[in-house]
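Just below is one structure, and these are the notes that go with it.
Here, each number is a calculation from the coordinates, and none is a lab measurement. These figures come from a predicted structure and were not determined experimentally. All Cβ positions, glycine included, derive from the backbone under ideal geometry; neighbour counts span all protein chains shown.
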Amino acid sequence: MVVRVGVIGVGMIGEDHVRRLSRVLSGSEVVAVTDVDPARAQEVVGRAPGARLHTSGEDLIGDDDVDGVVVASWGPTHEQFVLACIGAGKPVFCEKPLATSRRSCERIIDAEVAGGRRLVQVGYMRRYDAAYRALKATVVSGSIGAPLMVHCAHRNPSVPPMFTGEMLISDSAVHEMDLSRWLLDEEIVAVRVLEPRRNSRAPERLRDPLLFLFETSGGVLVDVELSANIGYGYDIRCEVVGESGTVSLGDEGELRVVREGVRATRVPRDWRDRFLRAYDVELQAWLDAVAAGGCTGPSAWDGYATAAVADACLEALGTGERCIVTLRERPDLYATAR
């Protein structure tokens, strides 16, 4: 089966998804495109033979020739488009965030549960990265004993001028929130956010870097260093410390050189460079599930749980206090392992 895909939002990531759906992945055809910028949409349609231009996301979702929808538009629009897809009974791949508030995510969960089947996959692409998968497999195997601590770093060379302090949490740190839950198979129950000395490279309005401390339901502590203007490159790190050993994120696809007493490792230029293959694997998995009539991968519950942690982090950033994360009861629809 060829899955006929409509793409809502063709900015940087949306355009890249059109490219991979049209030229890289198997079993897909981009048949419809829309964007808030019609000229941009027209330009991208020209690179997807046979695709039609739609005037709105709702119009695209209602197109009978569209089997599944990719939502890559501005975050605040995600809720309306995901709810429209659920209402139309169409599978939807939604780039993170699932929605911009906890309550918005709850409305999506309620709609999906009412329909009785999963239709939503959230774009947490790191779960599909080969190095992260190898790290999780080691943790699950028990070879390092029970996890005790996780150390993470998320470093960007720079961020766009429009980037805000809130986006450091809602757009960047959410990856580590989701990964912590996925790696440990435990929910985050409390958070703290600390501010070290400010990076002079950061814009005046930006609180950068930040240090997060997550507490999980099983007692594991996760620390996350988030640096948005580190300058030297895009650097992602993760180490799980167990009772009898440790496992660190491997240098998947990176070049390591050792000479004259120095070990050097290639540093990716940006997130597209580091996770290019993960995006391919992620979307191919979504296509395969849609073709089989199902839905796998990160769920609406995962998007909701991450939003709840992000809200608590925003509160902790404002108060400087430890904040509790509370979650509603998990519906049976999401009872399967993450």
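Quick notes on this structure:
- Distance between the pseudo-spin-label points of Arg330 and Ala39 (7 Å out from Cα toward the beta carbon): 4.8 nm.
- Cα-projected label distance for Ser101 with Ala130, points at 7 Å along beta-carbon direction, nm: 4.3 nm
- Averaging Cα coordinates gives a centre for the stretch 54-84 and one for the stretch 91-127; these two points are 13 Å apart.
- If the segment from Arg52 to Ser217 were pulled out straight at 0.36 nm per residue, it would be longer than the present Cα-Cα gap by 54.6 nm.
- When +1 charges are put on Lys and Arg Cβ atoms and -1 charges on Asp and Glu Cβ atoms, the dipole computed for the chain relative to its Cα centre reaches about 740 debye.
- Antiparallel DSSP beta bridges within the chain, as percent of all bridges there, nearest 5: 55 percent
- Cα centre as origin, Lys/Arg/Asp/Glu Cβ charges: the stretch 3-123 dipole, Debye: 360 debye
- Filtered trypsin sites (Lys or Arg not before Pro), the stretch 142-209: DSSP coil and at most 11 other beta carbons within 10 Å: Arg197, Arg205
- Counting only DSSP H runs of at least 4 residues, each contributing -39500 (n - 2.57), and dividing by the residue count of the chain, the helix-based mean residue ellipticity at 222 nm comes to -10000 deg cm²/dmol.
- For a label point 7 Å along the Cα-to-beta-carbon line of Thr319, residues of the stretch 169-204 with backbone N under 19 Å: 169-170, 188-195
- Helix 102-115 and the longest principal axis of the Cα set of the chain meet at an angle near 50°.
- Fully extending the segment from Asp235 to Val24 would add 73.4 nm, taking 0.36 nm per residue of separation and subtracting the current Cα-Cα distance.
- Lys, Arg +1 and Asp, Glu -1 on Cβ, resulting dipole of the stretch 170-215 about Cα centre, debye, nearest 20: 460 debye
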